[in-house]
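To keep things clear, I will list the structure first and then write my remarks on it.
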Amino acid sequence: MKTRHLIDLDSLSLSEIGDILHMAEAIAKKPSYYSDSCHGMLMATAFYEPSTRTQMSFQAAMLRLGGKVIGFDSPDGTSVSKGESLKDTVRVLSGYADIITIRHPLEGAAKAASMYSAAPVINAGDGGHLHPTQTLTDIFTLLREKGTLENLTIGLCGDLKHGRTVHSLIKAISRYKGNRFVLISTPELALPAYLKAVITENGLEYEEKDSLADALSMIDVLYMTRIQRERFAGHEDYEKQKGIFILDTEKLYNAKYGLKILHPLPRVDEIEDEVDDDPRAVYFIQAEYGMYARMALILHMLDGETKHIDPRPEGDGERVCSNPKCVTGAETYLPKLFRRKGGKFICEYCDKMK
Ligand code: CP
């Protein structure tokens, strides 16, 4: 049996996602009922990048399930600062813990870690690539707040280029029927082409807009995101992009009564504080829902799991990924893995086309 890692929500069938959401609902209704479910289990949280919600909601989730937690919230205090490789760190952690959550600035780092871990690895965000447990949080929020994951017009606004939560959400919600996307960004921060292709390959439609006010009257869900300062090459580029899309109560006059406003948080300036009191704003309860979703995910991943390292696939001897943010650039021992699509090669770690 293969070790059950969660790198991308794509690895779960819709039926498995449905089971996790169902479990999250049961936990949210009666968390105390599950307070011994992970008794004797240990989670390691390996955070190479800052986090408030993801790290602490995973910790809270494991503790509320009766398990224990070890980990680091910055590589500075660990042997990574002495030059230890990702594979060695993860291999050691997987000897200590029953499950590992990892956040890393490089794209594909969670997949790389999973190849050297005997314990299940959960991707808690890998650079600008993916953030599947935020997506689980987001779709659980949609289910609770809209009652459905189908036939929704979803506006995504802000940094659609670097926003890993946007990327994971689009991949997941495109698997459900009848959804439409309104992509609200500047041309510089538009959604990457491979994700637009995901939408159309699923038979769904999207339109691109450069005005949040214009988009608001047509959408059922607004997913606001911050401009991801840490992903820009230079400060000047970030300065040009910040403060362009700001949601305030005046813009909401045109919005639907049943609109739900989500945000993965943290916010910077893209939602005015005055919006927090609007009943359509659900971003703080969304963060709480994330803890229940993660409790359900931990139970799903530890169910019947036995520890072992799966055999690693053979790499491509010559081809290298051209993405400077791909983990294969820094962790050079990794086998180079590509899949073919329409005559192009796509890196299996970061999903960028060569
Ligand atoms: N939404 C989210 O990933 O928040 P943190 O960066 O605080 O974990």
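The values are calculated or read from the model by the stated rules, or taken from the named source; none is laboratory data. Fair warning: this is a prediction, and the values are worked out from it, not measured in the lab. For neighbour counting, all protein chains shown are included, and Cβ atoms are generated from backbone atoms with ideal geometry for every residue, glycine included. Ligands, DNA and RNA are stripped out before the accessible areas are found, and what is left, the full protein with its side chains, is counted by its heavy atoms. Shrake-Rupley method; radii C 1.70, N 1.55, O 1.52, S 1.80 Å.
Pull up the DSSP beta bridges for the chain and report the antiparallel fraction as a percent, rounded to 5.
That works out to approximately 15 percent antiparallel.
First check a/c for region 241-354, with a ≥ b ≥ c the square roots of the eigenvalues of its C-alpha gyration tensor; if it is under 1.5, answer rounded, and if not, answer prolate when a/b is larger than b/c or oblate otherwise.
Because a/c hits 1.5 or more and a/b fails to exceed b/c, region 241-354 counts as oblate.
Could you give the nm distance between label points at Tyr194 and Lys177, where each point is 7 Å from its Cα heading toward the beta carbon?
It works out to 3.0 nm between the two label points.
Give me the net charge of Gln55's neighbourhood, meaning all other residues with Cβ under 14 Å from the Cβ of Gln55; Lys, Arg count +1, Asp, Glu -1. Write out the running numbers ahead of the final one.
Details: positive: Arg53, Arg103, Arg294; negative: Glu49, Asp73.
Residues close to Gln55 contribute a combined charge of +1.
Along the charge dipole of region 183-276, Cβ charges K/R +1 and D/E -1, which of Leu262, Leu216, Gly234 sits furthest on the positive end?
Towards the positive end, the residue furthest out is Leu262.
List the chymotrypsin sites (Phe, Trp or Tyr not before Pro) within region 247-339 that fall in a DSSP loop (any state other than H, G, I, E or B) and whose Cβ has at most 14 other Cβ atoms within 10 Å.
Tyr257, Tyr333
Given R₀ = 51 Å, FRET efficiency for Thr249-Ala330 by Cβ-Cβ distance, to 0.05?
E between Thr249 and Ala330, to the nearest 0.05, is 0.70.
Restricting attention to the chain, give the cysteines that have no other cysteine Cβ less than 4.7 angstrom from their Cβ.
Cys38, Cys157
State, to one decimal in nm, how far the label point of Lys344 lies from the label point of Tyr257, with both points 7 Å from Cα in the Cβ direction.
Going by the 7 Å Cα→Cβ label model, 4.5 nm.
Can you give me the accessible area per residue for the chain, using a 1.4 Å probe, in Å²?
In whole numbers, the chain has 44 Å² accessible per residue.
Can you check what the net charge comes to around Asp76, using other residues whose Cβ is under 15 Å from the Cβ of Asp76 (Lys, Arg +1; Asp, Glu -1)?
Local net charge: -1.
Could you tell me the calculated FRET efficiency between Ile285 and Glu305, based on Cβ-Cβ distance and R0 = 30 angstrom, to the nearest 0.05?
The calculated FRET efficiency here is 0.45.
About the Cα centre of the chain, what is the dipole size in debye to 20, counting +1 per Lys and Arg Cβ and -1 per Asp and Glu Cβ, all else neutral? Mind dumping the intermediate values first?
Details: 44 positive and 50 negative charges, 218 e Å.
It works out to roughly 1040 debye.
Using the structure shown, select from Lys196/Lys256; Lys171/Lys325; Lys171/Lys256 the pairs with a Cα to Cα distance greater than 23 angstrom.
Numbers: Lys196/Lys256 26 Å; Lys171/Lys325 21 Å; Lys171/Lys256 25 Å.
Distance filter (> 23 Å) returns Lys196/Lys256; Lys171/Lys256.
How much FRET efficiency would the formula 1/(1 + (r/R0)^6) give for Glu208 and His39, where r is the Cβ-Cβ distance and R0 is 51 Å, rounded to 0.05? Don't skip to the end; give the middle numbers.
Details: r = 50 Å, r/R0 = 0.98.
After rounding to 0.05, the efficiency reads 0.55.
Using 0.36 nm per residue of separation minus the Cα-Cα distance, give me the extension gain between Asn151 and Asp273 in nm, one decimal.
That pair, Asn151 and Asp273, stretches by 40.9 nm at full extension.
Within straight cross-link reach of Lys82, meaning Cα distance under 18 Å, which aspartates and glutamates are found once same-chain residues fewer than 8 apart are removed?
Within the straight-line cut-off, Lys82 pairs with Glu49, Asp73, Glu331.
Compute the length gained on full extension between Tyr96 and Lys30: take 0.36 nm times their separation in residues and subtract their Cα-Cα distance, giving the result in nm to one decimal.
Value of the extension gain: 20.7 nm.
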